[in-house]
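Report on the structure given below.
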Amino acid sequence: MDTGTEVTLWLESGVAVASSQLSGRREIPLGAQEVVISSGTNGINGIVVTSRRLLGFSSRALTWSKKELDVNEKVLERKILTSFSLIRTDRHLYGFRGINGLWLEEALGVREKVTRFHSNDYGAVFITNERLVGFTPLLGGFASKLLDVHERIVGVENDNGLILVSTTKRTLVFGSRLIGWEEFE
């Protein structure tokens, strides 16, 4: 049983169960051959990663929501923050917004690989070999900024809800109060 700030999550035979003070007990059935890989809670959301799906519970929306994984898609990383959660696979970046229980996704390119990941309570940035991908639950989705072919990351600062990425050509800023990426030469 995982206990988070507002959500309690546990597994029973054939179901994942979440509970919060407002929602009471909420179940989502698991498939016959579906295997639970991991689960966890933090703040207003709970996440269950299975062999076939991503399951998210929102204590604000009082419901479960699901996202099907592609065949043979592998979950590589999971981060559960107080108001949102992020899942990185070998093919996609997934964001779960705890405030409304919605899953959002961003496809990775065929040769694209995540090299670094930075997060705070307000948002997150994935650095790949091709671009910067930011996510914030307030923005409503992912925001990308392409990197030039010869542009290299020289530093990352995570301060006061902003994530600053310095490259050999520019400084890019991402945060929850911004509409997307801000760029400075």
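The values are calculated or read from the model by the stated rules, or taken from the named source; none is laboratory data. On a predicted model such as this, the values are computed, not experimentally measured, just so you know. Reconstructed Cβ throughout: ideal geometry from the backbone, glycine too, with neighbour counts over all protein chains shown.
For the reader, a short list of remarks on this structure follows.
- Selected residue (criterion: farthest from residue 52 (Cα to Cα)) from residues of the stretch 17-33 that are surrounded by fewer than 16 Cβ atoms within 10 Å (Cβ to Cβ) and in contact with a strand residue (DSSP E or B) (Cβ under 7 Å, 6 or more places away or on another chain): 25
- Residue identified as more than 18 Å from the chain's Cα centre (by Cα), of a type in the set (Asp, Glu) and assigned to a strand (DSSP E or B) among 34, 27: 27
- One residue stands out among those in the stretch 68-122 that are outside any strand (DSSP E or B) and of a type in the set (Ser, Thr, Tyr): the one that is nearest to residue 43 (Cα to Cα), which is 82.
- Residue tally, condition touching a residue at least 40 places away in the same chain (Cβ under 8 Å), of a type in the set (A, V, I, L, M) and either surrounded by fewer than 19 Cβ atoms within 10 Å (Cβ to Cβ) or farther than 27 Å from residue 57 by Cα (or both), over the stretch 106-128: 0
- When we screen 49, 36 for residues that are buried (at least 17 other Cβ atoms within 10 Å of the Cβ), without any contact (Cβ under 8 Å) to a residue 60 or more places away in the chain and either out of contact with any His (no Cβ under 8 Å at 6 or more places or on another chain) or among the polar types (S, T, N, Q) (or both), the only hit is 49.
- Residue within the stretch 97-105 that is within 23 Å of residue 31 (Cα to Cα) and surrounded by 21 or more Cβ atoms within 10 Å (Cβ to Cβ) present: no
- Among the residues of the stretch 144-161, those that are over 19 Å from residue 98 (Cβ atoms) and in contact (Cβ under 8 Å) with a residue 24 or more places away in the chain comprise 144, 145, 153, 156, 158.
- Between 57, 96, the distinction of being within 19 Å of residue 140 (Cβ to Cβ) and in contact (Cβ under 8 Å) with a residue 24 or more places away in the chain belongs to 96 only.
- Restricted to the stretch 136-185, and to residues there that are within 15 Å of residue 119 (Cα to Cα) and polar (S, T, N, Q), the residue that is surrounded by the most Cβ atoms within 10 Å (Cβ to Cβ) is 136.
- Here 170, 131, 116, 111 are screened, and the one residue that is over 25 Å from residue 74 (Cα atoms), of a type in the set (Lys, Arg) and either out of contact with any helix residue (DSSP H, G or I) (no Cβ under 6 Å at 6 or more places or on another chain) or at pLDDT below 95 (or both) is 170.
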